[in-house]
Amino acid sequence: MTQAGAGSDPAGSAPPLEIHDLTVAYRNKPVLWGVDLAAPAGRLIGIVGPNGAGKSTLIKACMGLLPCASGWVKAFGRPVPESLGRIGYVPQRESVDWDFPVSVMDVVLMGRYGRIGLFRRPSAEDRRIARDCLDQVQMLPFADRQISNLSGGQQQRVFLARALAQESDLYFMDEPFAGVDAATEASIIAILQGLRDRGKTLLVVHHDLPTARDYFDWLLLLNLRVVAFGPTAEVFTPELLQKTYGGRLTLLSEVAEAVQAKAR
Amino acid sequence: MTLVPDFSVQRVFVEPWTTEIGTHGMMALVTFLVGATCGLVGNFLILRRMALMGDAVSHSVLPGIAVAFLWTGSRGIGAMVLGAFVAAFATHLLIEAITRHSRVRPDAAIGIAFSTLFALGVVLVAVFADRVDLDQDCVLNGDLPMIPLEPPVRLGSLSLGPPPLVRLAGLMAASVLLLVLFYKELMLTSFDPGLAAGLGLPVRAVHHGLMLWLALSVVASFEAVGAILVIALLILPGATAALLTERMVPRLVLGTVHAALSAVGGMHLSVALDCSPAGAAVVAGAVWFTAAWLFSPTAGLVPRWWRAWRAT
Ligand SMILES: Nc1ncnc2c1ncn2[C@@H]1O[C@H](COP(=O)(O)OP(=O)(O)OP(=O)(O)O)[C@@H](O)[C@H]1O
Ligand SMILES: [Mg+2]
């Protein structure tokens, strides 16, 4: 496994993401308790857990979009606000208004805004990078399309292109595979693996357990607390999955089948 | 006596551009500047689905002026503008406080805040009628015909025009500059506040800035068209433009065109019917909106029916 990418980091060996004793509450009701973990560099990490487990909440808290009731989050050894330039974010697709009057290209360029700075316009170089990112997700022919005229899967790919345009070292992605077809899912996972091979760290919320096992190097099993965090081979066990998903029998039997299918 | 004066092409269409240019032309220019300035902010209100904020901020002008008059005891334009501006921005802060610290949703919070403040204004004006000497009608409906009569602002020997015109022109220039400088930030914080915060943009500061801009636009406009009609001029240009194009910059440009067409249409209408020029401009603006709604090549009803009919 490559461990490049951390070379430019002044704090050398600091992990891309370190969370200590993080608790997040909505209106005094905690939805995440005592999350404690350090993500190693150059890993593609899946975040798995039932609906309402706090996956989106964890990502938002890491990005500093939600206040933490206790604990702290560090990226590359520094508090998150100081490393924002190195963090990319793909929110859940439904979180924005797709009737917004902008083109696909405009949305991808938004990923560059952190680098462009105040009072400046996207340069030719920014546009070149944006086109390149669109090309990677096979959306270049749609560059001038109004975003409301896209299908759900195409919207998802535009969001991914925007994250690529951020050229970050650490990525948070909330359900990037929601609503995309199998071929697109395969091409997206190839892009994510490419990023991983270049030393980037990615935390990706994923709902499909059978494929989670194939896609991710590491898994974070989450249900209000961290149930398990480690290499997929060690964590993807019926016992731990049962602990994560609780008594949801239908899901559990599905998981058991998936595990058995792999074992065979 | 007839209610509507006899129609005469000379009087309705020629004189406003020739002999009456100093009065009707001036009123049309002021109306255009109101529509253009308010249209720019309004486009962003529409984008953020906060069109109601326009209602809220403009209604708060009345209590603001009432309090300013009571407090300072003066009836000067300075006290009036300052009072209106403080009240407009305070309304925004009150709405923010209600939404952030209660379960009340933004639309309900807007409804609560502005109607209450407006009622407060009505009560203040009534209770202190002897001390507030405030022409409610003037605040709510503006006094456009008075503007050409005001002594002009002078810069040396150069006459720049009546004070409201100068204020509006200054604000229009500042608005365009603001847009050019902060277009990126306004767009990103409107589209995806999560990513904006993730990139380190001051999302809340941009929001406050937008509300400040709205308050300034409303305050600069109410003298001319009143605190009620300004609501229409905030929303109509952007809403009309949104029917015609799906891109933001063309929307901003078309909104300005809409403001110009409304001002000119309103001028002719008010001369023809001898009615309030501000009211006529809003009616004209609504006519342009309806025209766009019916005939917009992309979103219009008639082209859509036509295509459906052709397809059968
Ligand atoms: N804005 C909010 N206000 C109050 N409670 C919230 C809010 N957002 C989420 N919650 C609660 O927090 C818990 C975790 O929500 P979260 O969105 O993080 O779940 P998730 O794991 O992303 O679920 P899903 O798989 O459905 O996306 C849920 O119980 C939810 O009810
Ligand atoms: Mg979620």
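The values are calculated or read from the model by the stated rules, or taken from the named source; none is laboratory data. Please read these numbers as outputs of a predicted model, since none were measured by experiment. Heads up, the Cβs are rebuilt from the backbone with ideal geometry, glycines too, and the neighbour counts pull from every protein chain shown. Remember, those area values only see protein heavy atoms, side chains included, never the ligands or the DNA or RNA. Shrake-Rupley method; radii C 1.70, N 1.55, O 1.52, S 1.80 Å.
Quick notes on this one:
- Counting DSSP beta bridges with both ends in the stretch A:11-263, the antiparallel % (nearest 5): 55 percent
- With Cα atoms, 0 to 90° folded angle of helix A:182-197 axis to chain A main axis: 90 degrees
- For the protein assembly as shown, convex hull of alpha carbons as volume per residue, Å³: 222 Å³
- The distance linking the stretch B:106-122 with the stretch B:223-242 is 19 Å (Cα centroid to Cα centroid, whole angstrom).
- Chain A: angle of helix A:152-165 to the longest principal axis, Cα-based, in degrees nearest 10: 70 degrees
- Total accessible area lost when B and A pair, probe 1.4 Å, Å² to nearest 100: 2400 Å²
- The stretch B:63-85-the stretch A:15-45 distance, computed between alpha-carbon centres (Å): 52 Å
- Taking a span of 30 Å or more along the helix axis (Cα atoms) and a mean Kyte-Doolittle hydropathy of at least 1.6 as the rule, the DSSP H helices of chain B that qualify are B:26-47, B:106-127.
- Here's the list of aspartates and glutamates a cross-link from A:LYS243 could span, going by alpha-carbon distance under 20 Å and ignoring same-chain residues fewer than 8 apart: A:ASP36, A:ASP208, A:GLU234, A:GLU254, A:GLU257.
- Quotient of the Cα radius of gyration of chain B and 2.2 N^0.38 Å, N being its number of residues: 1.06.
- For the stretch B:162-312, the equivalent ellipsoid built from the Cα gyration tensor has semi-axes of 29, 26, 11 Å, listed from largest to smallest.
- Against the empirical 2.2 N^0.38 Å (N residues), the stretch A:1-149 has a Cα radius of gyration ratio of 1.21.
- Per residue, the accessible area of chain B comes to 46 Å² when a 1.4 Å probe rolls over the protein heavy atoms.
- Where labels lie 7 Å past Cα in the beta-carbon direction, separation of B:ARG11 and B:TRP71 in nm: 4.7 nm
- Note on the stretch B:259-312: Cα convex hull, mean projected area over all directions, 4.2 nm².
- For the stretch A:162-223, the Rg and Dmax computed from alpha carbons only, in angstrom: 11.5, 32
- Apolar share of the accessible surface for the protein assembly as shown: 62 percent from carbon plus sulfur atoms, 1.4 Å probe.
- Cα long-axis angle, helix A:124-136 against chain A (0 to 90 degrees, to the nearest 10): 40 degrees
- Summarising the label geometry, the points placed 7 Å from Cα in the beta-carbon direction at A:ASN51 and B:ALA173 lie 5.8 nm from one another.
- From the largest down, chain A spans 53, 41, 39 angstrom on the principal axes of its Cα atoms.
- Centre separation in Å (Cα based) which lies between the stretch B:173-198 and the stretch A:105-182: 18 Å
- Averaged per residue, the stretch A:11-263 has 41 square angstrom of accessible surface, using a 1.4 angstrom probe with ligands and nucleic acids left out.
- Members of the stretch B:189-207 that become less accessible by 10 Å² or more once partner protein chains are added (1.4 angstrom probe, chain alone as reference): B:PHE191, B:ASP192, B:GLY194, B:LEU195, B:ALA197, B:GLY198, B:LEU199, B:GLY200, B:LEU201
- From its DSSP helices (H runs of at least four residues, each -39,500 (n - 2.57)), the protein assembly as shown gives a residue-normalised ellipticity at 222 nm of -18500 deg cm²/dmol.
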